[in-house]
Structure formats: structure tokens, C-alpha cells
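Engineer: Structure incoming, see below.
Coordinate-derived values only; no laboratory data. Predicted model only: the values in this text are computed from it and were never measured. All Cβ positions, even for glycine, are placed from backbone atoms using ideal geometry, and neighbour counts span all protein chains on display.
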Amino acid sequence: MTDLLAIGTRKGLWLARSEDDRRTWALDGPHLLAQEVAAVSIDLRRPAPRVLAGIQYGHWGPTVMWSDDLGDTWQETDHGAIRFPEDAGVALARVWQLRPDSADRPDVVWAGCEPHSLWRSTDGGLTFDLVRGLWDHPHRPTWEPGAGGGAVHTVLPDPSSNRVTVAMSTGGVYVSEDGGEKWEPRNRGISVVFGPDPLPEYGQCVHKVAVDASDPDRMYAQNHFGVFRTDDAGSSWSSIAEGLPADFGFPIVAAPRTPGTAWVVPLVADMQRVPPGGRFRVHRTRDAGATWTELGEGLPDAAWTAVMRDAFCADEGDPTGIYVGTRDGCVYASADEGDTFSLIAEHLPDVLTVRAAQLP
Amino acid sequence: MSVQVVLPGVLADLAGGSKHLDVQPEGGTLADLLDALAAEHPRLTRRIRDETGTVRRFVNVYVDGEDVRYQDGLATTVRDGAEVQVLPSVAGG
């Protein structure tokens with residue numbers, strides 16, 4: 001079995017492979033050189049694994065490309081996989097998220113994009129349709145862009161129902177229970193620091209949301225200040241930041257097979273996006289956020305870098321492997337749920353996204 | 001009418017390897033020219049303009065040597081026999 005890690009960066013895509021249960025890795029790349037790869041997914045539901053990449057050609061605009069031979073060749077849809085319909089009056093600015101749906105919906109792939117929009121493909125990612133229910137939501141004109149742009153950056157389809165959860169910066173968490181037709185904000189308890197109302201109905205800058213292994217109603221959110229948990233599918237959120245050295249950060253990752261386990265990478269603050277004291281550390285909870293443990297074996301001190309919201313992921317292995325990429329082009333891998341890390345790539349461009357898969 | 005489109009090398013692969021294309025637009029504006037180009041080379045034309053039809057921010061288009069941003073944009077007149085050059089602007093990092 002091959003473990004594959006896709007590493008999307010500001011200037012291309014790299015693929016790391018391990019043939020020895022994640023002890024050593026061989027790096028292959030660059031693919032898509034000089035193109036920003038802000039979103040990547042590895043879709044294992046097909047006869048051949050499909051790597052989907054949301055790219056930005058720089059001068060030449062954004063699109064989705066795909067490879068069915070693990071990066072040897074890349075293809076794109078002639079007229080663009082994601083195109084706003086004429087009546088929208090806007091153009092695609094960036095693909096932030098590509099998320100294959102469940103095995104029961106084998107050709108469905110979701111995309112979160114800038115400007116704030118959600119897209120659904122029923123042909124494996126070759127073409128996408130705008131999810132009108134969210135696009136036409138009356139709140140949309142008031143979703144403001146954050147510093148990185150206004151986008152749907154997190155898409156979480158529930159494999160056992162028609163629920164779809166999205167997170168936006170800004171906008172917050174919205175949930176549809178009918179596959180995308182109707183949407184409602186679910187941000188109660190998530191705070192904001194950039195507006196007069198600290199607990200608005202919506203408009204939060206939720207940086208990332210992850211679903212717990214045990215229960216689709218239990219989710220974790222790394223907010224623009226604050227780390228939160230919901231046990232009721234977003235209807236209410238409670239702080240789980242106590243015990244962390246800082247409650248600012250971008251990614252949050254939940255273990256796919258271990259209930260209650262999640263990881264964050266604290267940064268000092270929005271105005272100081274570096275690890276506290278320059279000590280680059282991952283923090284793990286084993287009890288759904290009641291307590292946190294600092295993990296640092298194999299991670300550097302004096303590392304004044306940061307981790308983007310999608311540059312942290314978990315694999316499906318046992319024990320769970322986790323992978324964290326940094327803005328200074330390093331990727332650290334752990335095959336033991338974060339107890340120890342090893343450096344598997346360095347001197348890459350800024351790492352924007354990492355995604356892992358175990359190839360059959 | 002016939003118009004010659006001159007492409008930068010990085011876009012030539014999307015036009016069958018050629019940096020010079022003879023295009024026959026149905027009308028006499030830049031928009032008409034890009035429509036004709038899109039019919040033959042959709043992936044190439046997506047690099048030049050977005051789905052609203054707007055020329056991308058960091059792409060420069062010159063009709064007979066004049067930057068269309070300082071003319072009439074997509075409504076810029078493209079005469080029979082014109083040369084339309086596409087270039088990436090000074091940008092990147």
C-alpha cells in the first residue's frame with residue numbers, strides 16, 4: 001500500500017509517497033509549476049485515483065485541473081470547470097476547497113470558492129454547478145471578505161444524510177439539511193472581535209471547521225480568535241480554548257477514527273501570526289477540547305512561520321497520521337497522531353494545502 | 001475580415017503551438033474577436049478573459065500597438081488586417 005500526500009503551494013504541487021507505512025517519504029514534483037494550488041483533493045472513489053487541484057495561473061486566472069495518473073498528466077475542462085452563470089455578474093476569483101462527497105455519491109464533488117460561493121459537481125469534478133440556495137441567501141451581500149478574500153473555504157458533506165455544512169470568512173457557519181436548497185446560519189456562541197456585537201447571528205470569521213469521528217453533530221471550529229465545539233450540529237457552540245497558549249489560528253483537524261481527538265496550531269494573534277515565542281507546536285485534545293496537550297517532538301523552535309487553514313490534515317491510517325505544512329515551505333509528518341514528527345519536505349514555496357490518502 | 005492574434009510563448013501550447021493565429025471575427029470589436037477566438041480555442045481564451053467577458057486584470061491586449069484599456073476596452077475597434085497582441089503584464093511573485 002502507498003500513502004500519498006498532496007502538497008499544494010503558492011507555486012506548484014508536490015506529491016509525497018511512502019511505501020513503508022509512513023516511515024519514509026519520497027517527494028515528487030513540482031507539478032503545475034508556477035501555478036498557485038490552493039485546493040487539492042485525492043478522490044479514491046474512482047477506478048483510478050483522481051487528483052483534483054484548484055489552481056490559479058497567476059496572470060491567466062483560476063480553474064480546476066485533474067489528473068487520473070497521479071500527476072503524470074493534467075487535464076482541464078475546455079470552458080472551465082467552475083464558471084459563474086451570466087446572471088451572477090461576477091467571475092471566479094479562486095478555488096479554496098475541493099471536497100469529494102461520500103462513497104454513496106461517487107461522482108459528487110463540492111467546491112468552495114471566492115467570491116463566497118458553493119459549487120456541486122455530479123461528474124467527478126469536471127464541471128460544477130453553482131449552489132443557488134446559498135448564492136441567493138439574503139445574507140450573502142453582507143458577507144465581507146477577510147484579508148485573504150471572501151470565500152466558502154470549508155465544505156463538509158455528511159455521508160449519512162443530506163446535511164452540508166460550510167464555513168466562510170467572513171460569514172461564519174451555515175448548514176443545509178436538504179443537500180443545499182435551504183441554508184441557515186449556525187453561529188450561536190461563536191464570537192467576533194471586529195464588530196460592535198460580539199455574538200452576531202452571522203458574519204463570524206470562522207477559519208476552519210472539522211467533524212468529530214464519533215458523531216456528525218459534534219464539530220470543532222478554529223475561529224478568528226476562539227476555538228469552539230458544537231454537539232448539536234452548530235445550533236450552539238462553546239469555547240474549548242482553555243489550556244491553549246493562544247486561541248488564534250487557522251486550521252483545525254479532527255481524527256477520522258478516534259472520537260474526541262483534534263489538533264490545532266496556535267498563533268499569537270491576527271496582528272502577530274506567529275507561534276507563541278516562535279516555538280512551532282501542534283496542540284492535541286483527546287477529550288473533545290476539555291484539555292489540550294502540546295506536541296513538539298520533531299517540530300522546530302525559533303520558527304517564525306504560520307500554517308494556513310488547509311495546510312494541516314489527517315490520513316485514514318491506524319494510528320492516524322497527521323501532516324502540517326508551513327508558510328516557509330516545510331512539511332512535518334507524524335504517523336502517531338502527533339506524538340512525534342519528522343520533516344518530509346523543506347524549501348518549498350508557501351504550503352497552502354495538504355491532503356493525504358492511502359492508495360489501494 | 002481577418003485579424004492576426006499574437007500570443008506570448010506561454011500561451012502558444014493552447015493554440016496548437018502557434019504564437020500567431022489568423023482569426024476571422026464576425027464583427028469589428030475586440031469582444032467579437034475574443035468570441036471568435038473562444039469558439040476555436042476555449043482554453044486559450046479563458047486565460048485572456050473571465051466568464052463575464054472582462055479581460056483579466058494582469059493581461060494586456062494591444063490592438064495595432066495600442067493598449068485597449070486606454071481605448072474602448074472590449075468595444076475597441078479591430079479593423080480588417082489588424083494585429084492584436086496579448087501579453088502578460090508586469091505582475092507576479
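Engineer: Take the Cβ-Cβ distance between A:Thr73 and A:Asp21 as r, set R0 to 30 Å, and report the resulting FRET efficiency rounded to the nearest 0.05. Walk me through the intermediate numbers first.
Structural biologist: Numbers: r = 29 Å, r/R0 = 0.96.
Efficiency, rounded to the nearest 0.05: 0.55.
Engineer: While we're on this one: Where the centroid of each part is defined by its Cα atoms, how far is segment A:17-64 from segment B:52-93 in Å?
Structural biologist: After rounding, the separation between the Cα centres reads 33 Å.
Engineer: To the nearest µm²/s, what D does Stokes-Einstein give for chain A at 10 °C and 1.306 mPa s, using the Kirkwood radius over alpha carbon pairs as Rh? Each step should come with its number before you reach the end.
Structural biologist: Details: Rh = 20.1 Å.
Approximately 79 µm²/s, per Stokes-Einstein.
Engineer: Relative contact order for chain B: what is it in percent, counting Cα pairs under 8 Å that are at least 6 residues apart?
Structural biologist: Values: 155 pairs, mean separation 32.9, N = 93.
For chain B, the relative contact order is 35 percent.
Engineer: Work out the FRET efficiency for A:Ala303 and B:Gln24 from their Cβ-Cβ distance, taking R0 = 51 Å, and round it to the nearest 0.05. Numbers along the way, then the final one.
Structural biologist: Values: r = 58 Å, r/R0 = 1.14.
The formula returns an efficiency of 0.30 here.
Engineer: Just how large is the dipole of the protein assembly as shown about the Cα centre, in debye to the nearest 20, putting +1 at every Lys and Arg Cβ and -1 at every Asp and Glu Cβ?
Structural biologist: Details: 40 positive and 65 negative charges, 143 e Å.
Result for the protein assembly as shown is approximately 680 debye, rounded to the nearest 20.
Engineer: With the crude spin-label approximation of a point 7 Å out along Cα→Cβ, what separation in nm comes out for A:Phe194 versus A:Asp232?
Structural biologist: So the two model labels end up 2.9 nm from each other.
Engineer: Stretched out fully, how many nm does the piece from A:Asp28 to A:Arg279 gain, at 0.36 nm a residue minus the Cα gap?
Structural biologist: Numbers: separation 251, 0.36 × 251 = 90.36 nm, distance 2.90 nm.
Between A:Asp28 and A:Arg279, full extension yields 87.5 nm more.
Engineer: Now a separate question. Please enumerate, by chain and number, the lysines with C-alpha under 16 Å from the C-alpha of A:Lys11, excluding those fewer than 8 residues away in the same chain.
Structural biologist: Of all the lysines, none pass the test against A:Lys11 - Cα under 16 Å, at least 8 places apart if same chain.
Engineer: If you don't mind, another one. For A:Glu346 and A:Glu316, FRET efficiency with R0 = 30 Å and r from the beta-carbon atoms, rounded to 0.05? Intermediate results must be reported in sequence, preceding the final value.
Structural biologist: Values: r = 25 Å, r/R0 = 0.85.
My answer for the efficiency is 0.75.
Engineer: May I pose another question? Check cross-link reach from A:Lys182 to the lysines: straight Cα distance under 27 Å, and skip same-chain residues fewer than eight apart.
Structural biologist: List returned: A:Lys208.
Engineer: Which distance in nm do the two modelled labels at A:Asp339 and A:Glu181 give, with both placed 7 Å along the Cα-to-Cβ direction?
Structural biologist: 4.9
Engineer: Hey, what does the equivalent ellipsoid look like for segment A:136-279, semi-axes from the Cα gyration tensor as sqrt of 5 times each eigenvalue, largest first, whole Å?
Structural biologist: 23, 20, 12
Engineer: Which of B:Arg79, A:Arg10 comes first, and how do the rest follow, when ranked by fewest Cβ neighbours within 10 Å?
Structural biologist: Ranked by crowding around the Cβ, least crowded first: B:Arg79, A:Arg10.
Engineer: Using only Cα atoms, what Kirkwood radius does segment A:220-360 have, in angstroms? Mind showing how you got there, number by number?
Structural biologist: Values: mean 1/r = 0.0666 Å⁻¹.
One over the average 1/r among Cα pairs gives 15.0 Å for segment A:220-360.
Engineer: Something else: Could you please tell me the mean projected area of the C-alpha convex hull for chain B, averaged over all directions and given in square nanometres to one decimal? If you can, show how the numbers build up before the last one.
Structural biologist: On the way: hull surface 22.5 nm².
The Cα convex hull of chain B, projected and averaged over all directions, gives 5.6 nm².
Engineer: Let me ask something else about it. Take each of the peptides A:94-105, A:30-41, average the number of other beta-carbon atoms within 10 Å over its residues, and list them starting from the highest. Numbers along the way, then the final one.
Structural biologist: On the way: A:94-105: 20.3, A:30-41: 21.9.
Ranked from most to least packed, the peptides come out as A:30-41, A:94-105.
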